[in-house]
Each structure stands twice: as structure tokens, then as C-alpha cells.
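Colleague: Encoded as C-alpha cells, here's the structure I'll be asking about.
The values are calculated or read from the model by the stated rules, or taken from the named source; none is laboratory data. Note that this is a predicted model, so its numbers are computed, not measured. With ideal geometry, Cβ positions are generated from the backbone for all residues, glycine too; neighbour counts draw on all protein chains shown.
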Amino acid sequence: MVPSELGTNLNAVRCPECGKANDGPGYLLPSDGAASTWRCHSCHFTCGKSLVAAMLEKIEQRIARAKHKEDIFTLLSELEDNHLHRDHILLFTLKEKLVFDCYQVKS
Ligand SMILES: [Zn+2]
């Protein structure tokens, strides 16, 4: 069974070997409960959790800096195409910021 977190893919990140938008649907997920190794379900590429953590930290910083609708749309598209599964929890955070930004403009 693919460890897709019960099909949610909330932490799935695109595989650097086969997961780019135009290359294929490879995603890295923790390969076991300890999550020390992340594995691609498609090409079986593996990497340590520190590499994934460093990438996610950079993404979180970029999300924190995105303040306006246009910036958020651009970042959302880039992250979905190149770095994260479309259901990744950080994309929900970004979409929430987008909704909040739109709401502020209207009120
Ligand atoms: Zn892969």
C-alpha cells in the first residue's frame, strides 16, 4: 500500500527525480512510521527527512512573505507545479491566505 496518509497526501512533496509537472506524478512520502526516510512511490527515489524539512522551511518562509492576491496566485501555481502535491497542507494555508486577501478587498 502506498503510504499516502490514507489518501490525503497532506505531506506529499514532488519527487526531484520524476515529480515535476511535465515529467510525471512522483511524490515523496515518509517510508515508515519514523519518517526518517522519504520515498517516491513511482521511481523509488529516497532522501532523508532533513532534506524535505529544509525545503518545506523555505516554502513556509515564501508563503509568509506572500501578502497580495497576485503574489499568492503565482506562488500557488509554482508550488503545485514544482514542489508539492496539490493537496499538501501548506497549499491549504496559502489558499486560506488568498480567501482572506479577497475578503479584505471586498470589505
Ligand atoms: Zn520519483
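Colleague: Go through (1) without any contact (Cβ under 8 Å) to a residue 24 or more places away in the chain; (2) within 16 Å of the ligand (Cβ to nearest atom); (3) not polar (S, T, N, Q) one by one and return the number of the condition Cys43 breaks.
Modeller: Failing condition for Cys43: (1).
Colleague: Follow-up. Could you check, for region 23-30, whether at least one of its residues is on the phi > 0 side of the Ramachandran plot and at pLDDT 90 or above?
Modeller: no
Colleague: Restricting to region 64-97, name every residue that is surrounded by 18 or more Cβ atoms within 10 Å (Cβ to Cβ) and outside any loop (DSSP other than H, G, I, E, B).
Modeller: Across region 64-97, the qualifying residues are Ile72, Leu75, Leu76, Leu79, Leu84, Leu90, Leu91, Leu94, Lys97.
Colleague: State whether one or more residues within region 11-27 are among the polar types (S, T, N, Q), free of Cβ contacts under 8 Å to residues at least 24 places away in the same chain and assigned to a helix (DSSP H, G or I). It would help to see each step written out before you state the result.
Modeller: Just the residues of region 11-27 that are among the polar types (S, T, N, Q), to begin with: 11, 22.
Filter once more, so that each one left must be free of Cβ contacts under 8 Å to residues at least 24 places away in the same chain: 22.
Cutting the leftovers down to assigned to a helix (DSSP H, G or I) gives us none.
The answer is no; no qualifying residue exists.
Colleague: Across region 11-22, what is the total count of residues that are more than 10 Å from the ligand (Cβ to nearest atom), touching a helix residue (DSSP H, G or I) at 6+ places or on another chain (Cβ under 9 Å) and modelled with pLDDT of 90 or more?
Modeller: Qualifying residue count, region 11-22: 2.
Colleague: Please pick out the residue among Ser107, Ser77, Ser50 that is among the polar types (S, T, N, Q) and modelled with pLDDT under 90.
Modeller: Checking each option against the conditions leaves just Ser107.
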